[in-house]
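What follows is one structure encoded as structure tokens, with my remarks underneath.
The values are calculated or read from the model by the stated rules, or taken from the named source; none is laboratory data. Note that the structure is predicted; figures quoted are calculated from it, not measured. Heads up, the Cβs are rebuilt from the backbone with ideal geometry, glycines too, and the neighbour counts pull from every protein chain shown. SASA here: full protein model, heavy atoms, side chains in, ligands and nucleic acids out. Shrake-Rupley method; radii C 1.70, N 1.55, O 1.52, S 1.80 Å.
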Amino acid sequence: MYFLFTYTLFRCNLTSFRREYSVFPSHYVEPIYRKDEQEALFRSEEAMNIAHQQVKPAQITDTCSEFYDARVLKFINTIMRNGDRKLARTLVTKSFEEIKRIQLQRYHKAKTNEEKDNIELDPFVVFHYAVDNCTPVLQLINCRKGGIMYKIPVPISPVRAQHKSMKWLIEAAKEKDDEERFYNMLAKELVSASQNQGRAVKWKEELHKKCQANRAYAHFRWLK
Amino acid sequence: MERTVGQPVNDSFLRRIRKTHSRKFSTVVEVKDEQASQVCSFRTAENNPINHNTDHIARLYTVPIDIQRQIFQNGGLPGKFMKQVTTFQECSIMVRQPAIEIISYLNQVDYTRPVNKYVLYGKFGVGKSLTLCHILHYAFAQKYVLVHIYWAAHWFKDMKEVATSVLSPGCMDLPIDAGLWLKHFKFQNSKLLSELDLKVSKDYVWNQREMTSQGTSILELVEFGMNRIKYACGVIDALIKELKLASIAGKCKTMVVIDGFNAFTSSHTRIRNDNKVMVLPKQVSLAIPFFDITKNDWCNGAIVVTVDQTANKDRRESHLPRYLLGKEGFEHLDPFIPVLIEDYNIAEFDSMIEYYKDRKWIRNITSSGQRELELITNRNPFVLMDQCKFL
């Protein structure tokens, strides 16, 4: 009995070589759930290639809604703690509402048409500006050379840079008094970051400054 | 990498020149805002609810700011709607079928007969309270004396203070709530009452030293209640009786507007007496006068109430009046005219979306996006407001 069991395990390992954690085998194709992407797929030859392949089921957050934004979804996931997506989603929606209220108040206060045109009322656009403005281009990594720890500036990957910028925005919003609400502070932070102000942008600039100061060690990157 | 909001567009300079140019040299007369709003499909320039009729259905009218301050100063508009009012910088209410129906009834009814009762009912978030606000504005414009409770459940759920009643033994007083209601009453009616100059018909003795003698004006009675909130509940009782008498005598017209009336017939309150036993609404001295005024033993007035699932704790499964009021409450209000309020129809939904676009609350929404909103919200006004918040 035991022999048979080990034999099957061995066979399994022979066929796949690597144990997968996912329920779905690796030859399953990722689902395409946006309508425009589907249309583009059917127009191309790619559709014929994957026509008879097996497809993974769509995730709970995958939607063909008009109001879907991949980056906002990423932001929701970054805020999320303990898998509480509902709460994270509420926080982001409420802060977007607050962005609109802040911007509309400024819009009504503005006297000339030119001033009014300059105020961005779309919370999604404000959010994108804010994340773009907080995205760093370099990062510092630690490196031990001759018993001394050096901080070496290296280029940062786009995914990591975006994550860092989102983290800064959230962290900046979390530094608040007890009476203040997180979503209100986040809204204020997003609005000010979209205008290149605020704490999150400052942290990015500080990092850039540090990288500039440590530029003498930059060549350690190749010496490792 | 770095971008800022509102980078100047290339042709903005040219556009500016064109704008100033046309303003200076064009012979076209500038269209005024009022005229422009008349052309709008989703707005009506008719801001007086007396003139509202079926032509104005599915359009929004704006409550003038001074009237809004006078009627809704101490509450009346729902909290979330109030937030929209401050953001949009105007208080716009949609003219809808049920409000028009009740207004037309009020215009045609024979006021020498006993009062009619109108009960608004509907699912959560269909706009019962805002319809009530529209009718309240109508009553204000028609110079009714307003007896308005903006949310009856407040008294039994989050009351300020509870005391044993001196004037009506065996009952509980809510002195601070009663004082606040008197303030609300005075705010809404002070102008009208000073014009009408109603007098108290008999002596009311509060204690050995203080009394309100026959012939003092009603406003003085109200002010006494506001200053001595220990007797505020008794003052409300007296005030309601006086208003009934005055209406029967034809001195004034009275409009009773109560939001969430089924809170009065609920079998659960958070009020406890000295022995820590729950007190039902009919043993609360503040509620008794309002039971009294919703009877139909008087004339020259009207009663408009809503029943709401969220107003009571024990009955929440259906929105129908018989279930929400219970047997006793139903028999108390019977006979009444039930008015159902439903979700938006297509025209109302479209004009609401247009209104949101006009107020810049949502921008550049595609037709398929609008269709999606329609499906998600099922055209429910409250859910629509909620869904549009983050767009």
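The table below lists the values:
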| read-out | value |
| --- | --- |
| Options B:THR20, B:THR27; residue that is at pLDDT below 90, open to solvent by 50 Å² or more (accessible area, probe 1.4 Å) and either small (Gly, Ala, Ser) or assigned to a helix (DSSP H, G or I) (or both) | B:THR20 |
| Some residue of the range A:36-47 being outside the structural domain of A:GLN195 (by the TED database), free of Cβ contacts under 8 Å to residues at least 40 places away in the same chain and assigned to a loop (DSSP other than H, G, I, E, B) | yes |
| Scope the range B:40-67; condition assigned to a strand (DSSP E or B) and open to solvent by 40 Å² or more (accessible area, probe 1.4 Å); matching residues | B:ARG59 |
| Condition met for B:SER168 (modelled with pLDDT under 90, polar (S, T, N, Q), closer than 28 Å to B:ILE248 by Cβ and surrounded by fewer than 21 Cβ atoms within 10 Å (Cβ to Cβ)) | yes |
| Condition met for B:ASP177 (closer than 30 Å to B:ASP274 by Cβ, at pLDDT 85 or above, among the acidic types (Asp, Glu) and in the same structural domain as B:ASP274 (by TED's automatic domain parsing)) | yes |
| Boolean, B:GLN70 is surrounded by fewer than 18 Cβ atoms within 10 Å (Cβ to Cβ), within 21 Å of B:LEU243 (Cα to Cα) and outside the structural domain of B:ALA263 (by TED's automatic domain parsing) | yes |
| Residue check for A:LYS204: over 17 Å from A:SER95 (Cα atoms) and either in contact with a Gly (Cβ under 7 Å, 6 or more places away or on another chain) or within 13 Å of chain B (Cβ to nearest Cβ) (or both) | yes |
| Counted residues, the range A:38-60 - those being under 24 Å from A:SER22 (Cβ atoms) and either open to solvent by 100 Å² or more (accessible area, probe 1.4 Å) or of a type in the set (Phe, Trp, Tyr) (or both) | 4 |
| Where A:CYS143 falls short, out of the listed (1) over 20 Å from the mean Cα position of the chain (by Cα); (2) buried (at least 16 other Cβ atoms within 10 Å of the Cβ); (3) modelled with pLDDT of 90 or more | (3) |
| Positions within the range B:173-203 being in contact with an Asp or Glu (Cβ under 9 Å, 6 or more places away or on another chain) and either in a helix (DSSP H, G or I) or open to solvent by less than 60 Å² (accessible area, probe 1.4 Å) (or both), in sequence order | B:ASP173, B:LEU174, B:PRO175, B:ILE176, B:ASP177, B:LEU182, B:LYS186, B:LEU198, B:VAL200, B:SER201 |
| Some residue of the range A:87-95 being more than 19 Å from A:SER165 (Cβ to Cβ), among the aliphatic types (A, V, I, L, M) and away from every other protein chain (no Cβ under 11 Å) | yes |
| From the options B:TYR144, B:TYR105, B:TYR150, B:TYR118, residue that is open to solvent by 50 Å² or more (accessible area, probe 1.4 Å) and under 23 Å from B:ASP297 (Cβ atoms) | B:TYR105 |
| Helices (runs of 4 or more DSSP H) contained in the range B:272-391 and holding at least 1 residues of a type outside the set (A, V, I, L, M, F, W, C), more than 14 Å from chain A (Cβ to nearest Cβ) and loosely packed, with under 15 Cβ neighbours inside 10 Å | B:288-293, B:321-333 |
| Conditions (1) loosely packed, with under 13 Cβ neighbours inside 10 Å; (2) not assigned by the TED database to the domain that holds A:ILE170: number failed by A:THR63 | (1) |
| Residue within the range A:143-157 that is closer than 22 Å to A:THR93 by Cα and more than 14 Å from chain B (Cβ to nearest Cβ) present | no |
| Filter pass, A:THR15 being open to solvent by less than 90 Å² (accessible area, probe 1.4 Å) and at pLDDT below 85 | no |
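Residues are listed down the side, and each one gets a yes or a no for (1) more than 21 Å from the chain's Cα centre (by Cα); (2) modelled with pLDDT under 90; (3) not basic (Lys, Arg):
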site	(1), (2), (3)
B:LEU245	yes, no, yes
B:ILE258	no, no, yes
B:PHE261	no, no, yes
B:HIS268	yes, yes, yes
B:ILE271	yes, yes, yes
B:ASP274	yes, yes, yes
B:PRO281	yes, yes, yes
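Residues are listed down the side, and each one gets a yes or a no for (1) surrounded by fewer than 19 Cβ atoms within 10 Å (Cβ to Cβ); (2) in the same structural domain as A:ASP36 (by the TED database); (3) hydroxyl-bearing (Ser, Thr, Tyr):
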residue: A:LYS74; (1), (2), (3): yes, no, no
residue: A:THR78; (1), (2), (3): yes, no, yes
residue: A:ASN82; (1), (2), (3): yes, no, no
residue: A:LYS86; (1), (2), (3): yes, no, no
residue: A:VAL92; (1), (2), (3): no, no, no
residue: A:PHE96; (1), (2), (3): no, no, no
residue: A:ARG106; (1), (2), (3): yes, no, no
residue: A:ALA110; (1), (2), (3): yes, no, no
